[in-house]
Amino acid sequence: MFLVATRNFPPDLGGMQNLMEGLSNALLDHGPVKVFADNFDNADNYDQNSKLNIERVTGLKIFRKYRKANLIKEFISNNSPRASFFDHWKSIENINEEILKKTKSFCLIHSKEINHQVGSSLNKRCLKALAKADHIIANSRFTKELSLKIGVKIKNVQVINPGCNYPIVINDEAMEFAEKVFGAANPKLITVSRLDGRKSHRNIIMTIKNLLPKFPSLKYVSIGDGEERKNLEKLKSELDLDNKVELIFKSTEQEKVALLKKSDVLVMPSVIYKKSVEGFGITYIEAASYGTPSIGGIYGGEKDAIKSGLTGYLCNGNDLNSLYETSLKILDNNNYKKLGSNALEFSKDFSWNKIIKKYIELI
């Protein structure tokens, strides 16, 4: 039996939610799985259709974390699970070490969640919590290097890249939606992410304007919403790109993957924004699973998700010239087609049936 303790889980949306769902489902091939997760809208319907044993924890956030910790401690004490997996250092923080001796414990780390100033109260809490785990799992080599800089002991840190839940079968309705969005456009570029300062949407849109003289039939689609929404709508209008740039603020999972499949290139050259930096970038692998290569950034863990020159390219998302030249490199002579074929093969290394074995070997 396995235990999964998570603050991030479907039906809530996001990369961490997909990661914890994929990990939990992959563990089912090796034994029963008990999940303790926060409650979200429509959780009952999701839970009823899942093979996982999911217990939702409700209540005010300040009390919920202690209630969840007590439920986890009781479960470990009574069941001694083969292994327990925590999605965040805050998920293991309130579990005492004596209880954790009854199980093999794993705590997952991601760059944003551990990137606190050395010596700060959050840094001290983070290090104290992580010290309880038998294994600390970094989502990329970059995140491992960051963890060592903030004071985590090297002997406990292992790199296991996230598994990918894709490709999934795409229904006809979603494919028709994607075909309508892109029409006869060529080439077709896409970004799938929140609209925030880290994802370089502003520079991408300006690059689209610069690419149009050479690629007049180009179209760019962005899927996601966020605080940059009004600024990007204004920029699109100012650059007269209403027919070349489409911002889709809300989509279904089926519509998202259909657009990924129809796209020629995923463009997401992430940069450092405040304390936030790309720890890995599962979206690059999701795109690759449909044969779509990527342009990623140079500042975080993207090098684990993109083999530059083979499955896409890395560039400086802060530098308009770098982004433009990299875009030319991938678009000229339909170079993206060869890169896309390579990306598809590369994505198979991230299937959950392969990734989960790396966890099982550590138990």
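Taken together, the values in this text are just the output of simple stated rules run on the coordinates, not laboratory data. Keep in mind the model is a prediction, meaning the values are calculated, not measured. Reconstructed Cβ throughout: ideal geometry from the backbone, glycine too, with neighbour counts over all protein chains shown.
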Return the aspartates and glutamates within reach of Lys329: Cα separation strictly under 18 angstrom, same-chain partners fewer than 8 residues apart disregarded; answer none if there are no such residues. Asp264, Asp319
What ranking of Glu253, Glu246 emerges when the number of other C-beta atoms within 10 Å of each C-beta is taken as an exposure proxy, fewest first? Glu253, Glu246
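What do you get for trypsin sites (Lys or Arg not before Pro) in segment 268-363 restricted to DSSP loop and a cutoff of at most 16 other Cβ within 10 Å of the site's Cβ? Each step should come with its number before you reach the end.
Values: sites: Lys274, Lys275, Lys303, Lys307, Lys329, Lys337, Lys338, Lys348, Lys354, Lys357, Lys358; in loops: Lys274, Lys275, Lys307.
Here the sparse-neighbourhood loop sites are Lys274, Lys275.
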Helix 201-211 axis, angle to the chain major axis (alpha carbon atoms, nearest 10°): 20
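What are the trypsin sites (Lys or Arg not before Pro) within segment 22-70 that DSSP puts in a loop, where the Cβ has at most 16 other Cβ atoms within 10 Å?
On the way: sites: Lys34, Lys51, Arg56, Lys61, Arg64, Lys65, Arg67, Lys68; in loops: Lys51.
Here the trypsin sites (Lys or Arg not before Pro) that fit, given the DSSP loop and packing criteria, are Lys51.
How big is D for the chain, in µm² s⁻¹ as a whole number, if Stokes-Einstein is applied with the Kirkwood radius of its Cα pairs at 10 °C and 1.306 mPa s? Before the final figure, lay out the partial values.
Values: Rh = 21.4 Å.
Roughly 74 µm²/s, to the nearest whole number.
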Which far-off residues, 5 or more places away or on another chain, put their amide H under 5 Å from the one on Ser308, with H placed in the peptide plane? none
Coarse-grained scattering of segment 239-347 at q = 0.09 Å⁻¹, given as base-10 log I(q)/I(0) from a Debye sum over alpha-carbon atoms: -0.23
In sequence order, calculated HN-Hα J values of segment 118-126 (Karplus, 6.51, -1.76, 1.60; Hz; x Gly/Pro): 4, x, 6, 4, 5, 4, 5, 4, 4
Computed over the Cα atoms of segment 130-282, the Rg and Dmax in Å are 18.6, 57
Listing Leu127, Leu27 from the residue with the fewest other Cβ atoms within 10 Å to the one with the most, what is the order? Leu127, Leu27
Along segment 7-13, Karplus-curve 3J(HN,Hα) (6.51, -1.76, 1.60; θ = phi - 60°) to the nearest Hz, with x for Gly and Pro, reads 8, 10, 7, x, x, 4, 9
Using modelled amide H (1.01 Å from N, peptide plane; none on Pro or chain starts), what sits under 5 Å from the amide H of Tyr313, excluding residues fewer than 5 places away? Ser294, Ile295, Gly296
Tabulate in residue order the Karplus-calculated ³J(HN,Hα) for segment 230-236, using 6.51 cos²θ - 1.76 cosθ + 1.60 with θ = phi - 60°, rounded to whole Hz; enter x for Gly and Pro. 5, 5, 6, 4, 5, 4, 4
Relative to the chain, whose Cα atoms define the longest principal axis, helix 61-79 and its Cα axis are tilted in degrees, nearest 10, by 60
Cα centroids of segment 339-363 and segment 184-224: how far apart, whole angstrom? 29
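For the pairs Lys128/Lys149; Lys90/Lys274; Lys219/Lys337, flag any whose C-alpha to C-alpha distance is greater than 19 Å. If you can, show how the numbers build up before the last one.
On the way: Lys128/Lys149 15 Å; Lys90/Lys274 21 Å; Lys219/Lys337 17 Å.
Over 19 Å apart, Cα to Cα: Lys90/Lys274.
Listed here are the pairs Lys51/Lys104; Lys65/Lys112; Lys73/Lys358; which of them are more than 31 Å apart at the Cα?
Numbers: Lys51/Lys104 23 Å; Lys65/Lys112 20 Å; Lys73/Lys358 26 Å.
Pairs exceeding 31 Å: none.
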Could you list the GluC sites (Glu not before Pro) in segment 144-241 that lie in coil according to DSSP, counting only those with at most 15 other Cβ atoms within 10 Å of their Cβ? Glu227
